[in-house]
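Read the structure below first, then the notes.
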Amino acid sequence: MQQTVKQKSLPLNKDKWIKIAQTAEAYARQKDAFLVKYGHVQYLHHLGAKRRLRDELVAAGFTSPFGLQARQWKLALDDALFTLERQWEAAIVGVKERLYRHEGLSDEEKHYAFWLLYRDEKRGRDWKRLQAIFTNEDVVNQKISLDSGGRAKVRNDLKRAFRRILGTRPRVKKARSFVVDQQMYRVFNTGKRQYIAVATLTPGERAVIPLTGIHAMQGNLRVVLLPDEQAVEIHLSREPRIRPSGEEEAGIDLGVTEVFTDDTGKKYRPEYGEALQEMSDHILDKSRKRGKLWALRRKFLEQDPNKARRILRHNLGLIKQTKRNKRYRARCENEINRAFNELYKERQPQIIAYEDLAHLRGKAKSKGLSRKVSGWQRNIIKERREYKNYVYSVTDPGAQNAAYSSQGCPQCGWVDAKNRNGDIFKCRQCGFTADADQVAAMNLKKRLHDEEITRYIPYKRVKEILLQRYYQQAN
């Protein structure tokens, strides 16, 4: 896992911007061509042998039809294959989630399915096994005891699951960035200003870009275009400094009034809830106003087409709205990052229990809460947690089953919906009182070592287990 350092440039003059934009356009078209060609299942094995594919293209005398130099089309090829690999890896995670819940497969069939999807930590993934799911090739080893009919059934089930999850093949729709290796740029300083000279489409020509700030640069860089400012950002990926893990176990419960609450009752970054509320109110206000304008435009389409056109052009654009939404989301992302920084520095955990949020889709009891949940940045929270786990050497136990976590008493074990009243938890049996989010975090932490309440058992079964334990303890 790598850390990305971003360095912005000063606004570029017209000539430099055109050269950079042309390079990005050619890179995007070449990457898209590679995505189209190698996105088919028949080329899946190339994801495990990227260098071999590149050497085959060089041996065949490949040249970029879009004018990229040899070094850069090779980078575009690596970029395209990496994009395809990420799509497949994400799909594999989704297919595994379905397998865990699949009750129509026997243990032997599940064993064969997971063997097809297995990835060795040292040697990487055997992409030919994955390819066999779609080509119906009967791959097997000595440890698989399932007969050929059963293996064919499993491959068909996996094929259907992949088709539901994979979606459309990735494409490059906009020329947003391009990659350069160490031989395609030069960094130098003049006084207190740092510059980077980047290769363009013309051999031997480089565009000199003035940068803000000074950073040490090496290895491959990504040049990201900022069209609104006619500037670029230089993205440098590097390995972060790894810190030793602590010895404590912690539990967190995610919220919409703060980023999360831990098992000690501390609420991390209430400012996140304020940002979500402000974004929700803004979206509601703008949606109402835009709805009225759309109705007005429809009214004038026949009566005064010119007025209808002016309303569309001057009042219903998306540029300002997109910029404002980006600012709201950037603010929320900053609060998420600060919350995780505070948790890891203060608690120094060895392992963190967290809930499975895959079932949440933005619907709640009130429309206001639904809007806030819809703005909840699950992907950012997941990405930040995984990255911080890596940096602080924290073990990831996987998501815990959150069923009844905020309704079960962590002290006596009694489960009842009436235990919780809003943000207050008070057990109707033993009288234990605490913040409801803290109770949920405490219960998630307890389930780290619970062999009965696993992630995928039904919520009704969870309640049966909890009540059974309570009555056994009471007797």
Specify the residue that is surrounded by the most Cβ atoms within 10 Å (Cβ to Cβ); the eligible residues are those in segment 111-144 that are over 14 Å from GLU89 (Cβ atoms) and among the aliphatic types (A, V, I, L, M).
ALA113
Could you list, in sequence order, the residues of segment 427-473 that are of a type in the set (D, E, K, R) and more than 17 Å from ASP253 (Cβ to Cβ)?
ARG428, GLU451, GLU452, LYS460, ARG461, LYS463, GLU464, ARG469
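Considering only residues that are modelled with pLDDT under 90 and assigned to a loop (DSSP other than H, G, I, E, B), which ones fall in segment 230-243?
If we filter segment 230-243 for residues that are modelled with pLDDT under 90, which is where we start, we get 237-241.
Once the filter is applied, which keeps residues that are modelled with pLDDT under 90 and assigned to a loop (DSSP other than H, G, I, E, B), segment 230-243 yields GLU239, PRO240, ARG241.
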Could you go through segment 296-319 and let me know if any residue there is modelled with pLDDT of 90 or more, out of contact with any Pro (no Cβ under 8 Å at 6 or more places or on another chain) and under 29 Å from ASN379 (Cβ atoms).
no
Which condition from (1) assigned by the TED database to the domain that holds ARG125; (2) open to solvent by less than 50 Å² (accessible area, probe 1.4 Å); (3) touching a residue at least 40 places away in the same chain (Cβ under 8 Å) is the one that PHE66 breaks?
(2)
Do we have any residue at all in segment 258-275 that's part of a helix (DSSP H, G or I), hydrophobic (A, V, I, L, M, F, W, C) and not assigned by the TED database to the domain that holds LEU444?
yes
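Being within 26 Å of PRO203 (Cα to Cα), part of a helix (DSSP H, G or I) and at pLDDT 95 or above is the requirement here; does ARG29 meet it?
Working: within 26 Å of PRO203 (Cα to Cα): yes; part of a helix (DSSP H, G or I): yes; at pLDDT 95 or above: yes.
Answer is yes for this residue.
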State yes or no: is GLY204 open to solvent by 30 Å² or more (accessible area, probe 1.4 Å), out of contact with any Pro (no Cβ under 8 Å at 6 or more places or on another chain), farther than 22 Å from LEU75 by Cβ and part of a loop (DSSP other than H, G, I, E, B)?
no
Among the residues of segment 359-384, what is the count of those that are open to solvent by less than 30 Å² (accessible area, probe 1.4 Å) and at pLDDT 60 or above?
5
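Take segment 242-284 and flag every residue that is farther than 20 Å from ARG329 by Cα and surrounded by 22 or more Cβ atoms within 10 Å (Cβ to Cβ).
ALA250, GLY251, ILE252, ASP253, THR261, ASP262, ASP263
Kindly indicate whether VAL462 is touching a Cys at 6+ places or on another chain (Cβ under 9 Å), part of a helix (DSSP H, G or I) and β-branched (Val, Ile, Thr).
Criteria not met by VAL462.
Does ARG171 satisfy being surrounded by 11 or more Cβ atoms within 10 Å (Cβ to Cβ) and of a type outside the set (Asp, Glu)? Spell out the reasoning first.
On the way: surrounded by 11 or more Cβ atoms within 10 Å (Cβ to Cβ): yes; of a type outside the set (Asp, Glu): yes.
Answer is yes for this residue.
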Expected output for segment 438-455 (first residue at negative phi and acidic (Asp, Glu), partner assigned to a helix (DSSP H, G or I) and open to solvent by less than 20 Å² (accessible area, probe 1.4 Å), Cβ below 8 Å, 6+ apart or cross-chain) is GLU452/ILE465
Within segment 174-190, restricting to residues that are in contact with a helix residue (DSSP H, G or I) (Cβ under 8 Å, 6 or more places away or on another chain) and farther than 16 Å from LEU77 by Cβ, the one that is least open to solvent (accessible area, probe 1.4 Å) is ALA175
Mind listing whichever residues of segment 388-418 are touching a Lys or Arg at 6+ places or on another chain (Cβ under 8 Å) and farther than 27 Å from ALA339 by Cβ?
GLY413, TRP414, VAL415, ASP416, LYS418
Among the residues of segment 285-314, write down those that are more than 37 Å from the chain's Cα centre (by Cα), among the basic types (Lys, Arg) and open to solvent by 90 Å² or more (accessible area, probe 1.4 Å).
ARG298, LYS299, ARG309, ARG310
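From the list ARG428, ARG447, exactly one residue is of a type outside the set (Gly, Ala, Ser) and within 34 Å of the chain's Cα centre (by Cα). Which is it?
On the way: ARG428 fails: within 34 Å of the chain's Cα centre (by Cα).
Being of a type outside the set (Gly, Ala, Ser) and within 34 Å of the chain's Cα centre (by Cα) holds for just one of ARG428, ARG447, which is ARG447.
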Step by step: first the residues of segment 89-110, then only those that are crowded, with 17+ Cβ neighbours inside 10 Å and among the hydrophobic types (A, V, I, L, M, F, W, C), then the one that is nearest to VAL154 (Cα to Cα). Which residue is that?
LEU99
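Every residue in segment 1-18 that is of a type in the set (Lys, Arg) and crowded, with 18+ Cβ neighbours inside 10 Å, please. It would help to see each step written out before you state the result.
Going through segment 1-18, the residues of a type in the set (Lys, Arg) turn out to be 6, 8, 14, 16.
LYS16 - this is the single residue of segment 1-18 that is of a type in the set (Lys, Arg) and crowded, with 18+ Cβ neighbours inside 10 Å.
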Hey, can you tell me all the residues within segment 304-327 that are of a type in the set (D, E, K, R) and in a helix (DSSP H, G or I)?
LYS307, ARG309, ARG310, ARG313, LYS320, LYS323, ARG324, LYS326, ARG327
Scope segment 387-444; condition surrounded by fewer than 16 Cβ atoms within 10 Å (Cβ to Cβ), polar (S, T, N, Q) and within 21 Å of GLU464 (Cα to Cα); matching residues:
GLN411, GLN429
Any residue in segment 1-25 that's farther than 17 Å from VAL179 by Cβ: show its pairings with residues that are of a type in the set (Asp, Glu) and assigned to a strand (DSSP E or B) at Cβ separation under 8 Å, as long as the two are six or more apart or on different chains.
LYS8/GLU233
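The values are calculated or read from the model by the stated rules, or taken from the named source; none is laboratory data. This structure is a prediction, so every number in the text was calculated from the model and none was measured. Ideal geometry is used to build each Cβ from the backbone, glycine not excepted, and the neighbour counts take in all protein chains shown. These area figures cover heavy atoms from the full protein model, side chains too; ligands, DNA and RNA do not enter into them. Shrake-Rupley method; radii C 1.70, N 1.55, O 1.52, S 1.80 Å.
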